[in-house]
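Taking it in order: structure first as structure tokens, then the write-up.
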Amino acid sequence: MENIINITPENFQQIILEASQEKLIMVDFWADWCEPCKSLIPILEKLAAQYSNDLILAKVNCDEQQAISMQFGVRNLPTVIFVKDGQPVDGFAGLHTEQQIREMLEKHLPSQDDALYQQALMLCHEKNFSDAFTAAKQAHELAPERADIKILLAGINVELGKIEQAKELISTIGLVDQDAQYQAVLSKIELAEQAADTPEIQALQKMLEDDPDNMETKVSLAVQLHQANRSGEALDLLFQVLRKDLNFGEAKKFALDIINALPEGDELASKFRRKIYSLMY
């Protein structure tokens, strides 16, 4: 359903009563002869486009729909009434600025961090952990004190093999917020740590201890670490090799592949992309 709609008696119940259970309805009462109405409409349409996930702009032509305007008790034009759960919750009369209307809207719309949190939850349900990471990280940056966002982001980090980052986040959760989801993430971290230490990795680590400068062993160990979702350790090893020989085997290709596979917004990607550019240029 489009989020800019002309209200008629036929769709009144569907929009004002039913759709308002899920979204905020911004009802704009206007008329052709009203010059301030014509100035206000582009502002309302712009805001409707910006908040399209949570807002419906319902336009009422008062000359054509007098019964509806009377039902709302409209006496002056333009008048805008915000409806939620079938009931008016706010509104204004006369011409207002975009900023004034935005401030009123934000009192009734989900906060940006909550919208991103819900988006991340949905993406996790779809097993799209890379995009979920980006949304959850943005939510965390907007509301760094929210424990539910930190727990969600920690869980996503586990799914992406970012165990140290997950442990760092989960360690900041206070006792009062250590709920079932927190315990589930702790269990995932423990299992991931056990799974990440494979016999192949242990054998290669032993070889590297015996021969610390063996670049072939470092590359082989980096590949195994990446496969175990330990990308940070893998990149550290690869850059030890690249600093000595930029063209050693497939080290540069492996490093770029790992960096490009990291989700958008991952600090690890930014850190090592700068490093590789400094070596190449």
Report, in debye and to the nearest 20, how large the dipole of the chain comes out about its Cα centre when Lys and Arg carry +1 and Asp and Glu carry -1 on their Cβ.
540
Cα pair distances in the stretch 4-106, grouped into 5 Å bins until the bin that holds the longest one, percent each:
2, 13, 27, 28, 20, 9, 1
What residues qualify as long-range amide H neighbours of L109, i.e. H under 5 Å apart, gap of 5 or more or another chain, H built at 1.01 Å from N?
none
Table column - 3J(HN,Hα) (Hz), the stretch 223-236, Karplus curve with 6.51, -1.76, 1.60, x for Gly and Pro:
4, 5, 5, 4, 5, 8, 6, 10, 5, x, 5, 4, 5, 4
Amide H of N6: which non-local residues (sequence gap of 5 or more, or other chain) have their own amide H closer than 5 Å, using H built in the peptide plane?
K59
As I understand it, the value is the acute angle between the Cα axis of helix 199-210 and the longest principal axis of the Cα atoms of the chain; what does it come to in degrees, rounded to 10?
50
Report the Cα centroid-to-centroid distance between the stretch 147-180 and the stretch 97-145 in angstrom, as an integer.
18
Neighbour-count order for R75, R273, R230, fewest beta carbons within 10 angstrom listed first:
R75, R273, R230
Translational diffusion coefficient of the chain at 10 °C, 1.306 mPa s, Stokes-Einstein with Kirkwood Rh over Cα pairs, in µm²/s as a whole number.
69
For S52, S231, S39, ascending order of other Cβ atoms within 10 Å (fewest first) is S39, S52, S231
Could you work out how far helix 129-142 tilts from the main Cα principal axis of the chain, as a 0 to 90 degree angle to the nearest 10?
70
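Over 16 Å apart: what share of the alpha carbon pairs of the stretch 112-196 falls there, rounded to a whole percent? Intermediate values should be presented prior to the final figure.
On the way: 1661 of 3570 pairs.
Percentage above 16 Å: 47.
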Whole-Hz ³J(HN,Hα) for each residue in the stretch 163-174, computed from phi via Karplus 6.51 cos²θ - 1.76 cosθ + 1.60 with θ = phi - 60°, x for glycine and proline: what do you get?
5, 4, 5, 4, 5, 5, 5, 5, 6, 8, 7, x
Can you run phi through the Karplus equation (6.51, -1.76, 1.60; θ = phi - 60°) for the stretch 71-81 and list ³J(HN,Hα) in whole Hz, with x for Gly and Pro?
4, 8, x, 6, 10, 10, 10, x, 10, 10, 10
Cα-based helix-to-principal-axis angle, 251-261 vs the chain, degrees rounded to 10
20
Spatial separation of Cα centroids for the stretch 10-31 and the stretch 248-281, in angstrom
50
If you take every residue apart from A222 with its C-beta less than 9 Å away from the C-beta of A222, what net charge results, scoring Lys and Arg +1 and Asp and Glu -1?
-1
Taking only Cα atoms and a 10 Å spring cutoff, compute GNM fluctuations for the chain and point out the largest among M207, M104, M70.
M70
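Semi-axes of the equivalent ellipsoid of the stretch 76-229: what are they in whole Å, largest first, if each equals the square root of 5 times a C-alpha gyration tensor eigenvalue?
The equivalent ellipsoid of the stretch 76-229 has semi-axes of 49, 16, 12 Å.
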Just the projected area, averaged over all directions, of the convex hull on the alpha carbon atoms of the stretch 168-281: how many nm²?
8.5
For V89, residues with placed amide H under 5 Å, excluding near neighbours
F82, V83, K84
Unpaired by the 4.7 Å Cβ criterion, cysteines found in the chain:
C62, C124
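Count neighbours as other Cβ atoms within 10 Å of each site's Cβ, and list the GluC sites (Glu not before Pro) in the stretch 1-67 that are DSSP loop with at most 15 such neighbours.
Numbers: sites: E2, E10, E18, E22, E45, E64; in loops: E2, E10, E22, E64.
Sites meeting the loop and neighbour criteria: E2, E10, E22, E64.
Bear in mind that the values in this text are calculations on the coordinates, not laboratory data. All values reported here derive from a predicted model rather than from experimental measurement. Ideal geometry is used to build each Cβ from the backbone, glycine not excepted, and the neighbour counts take in all protein chains shown.
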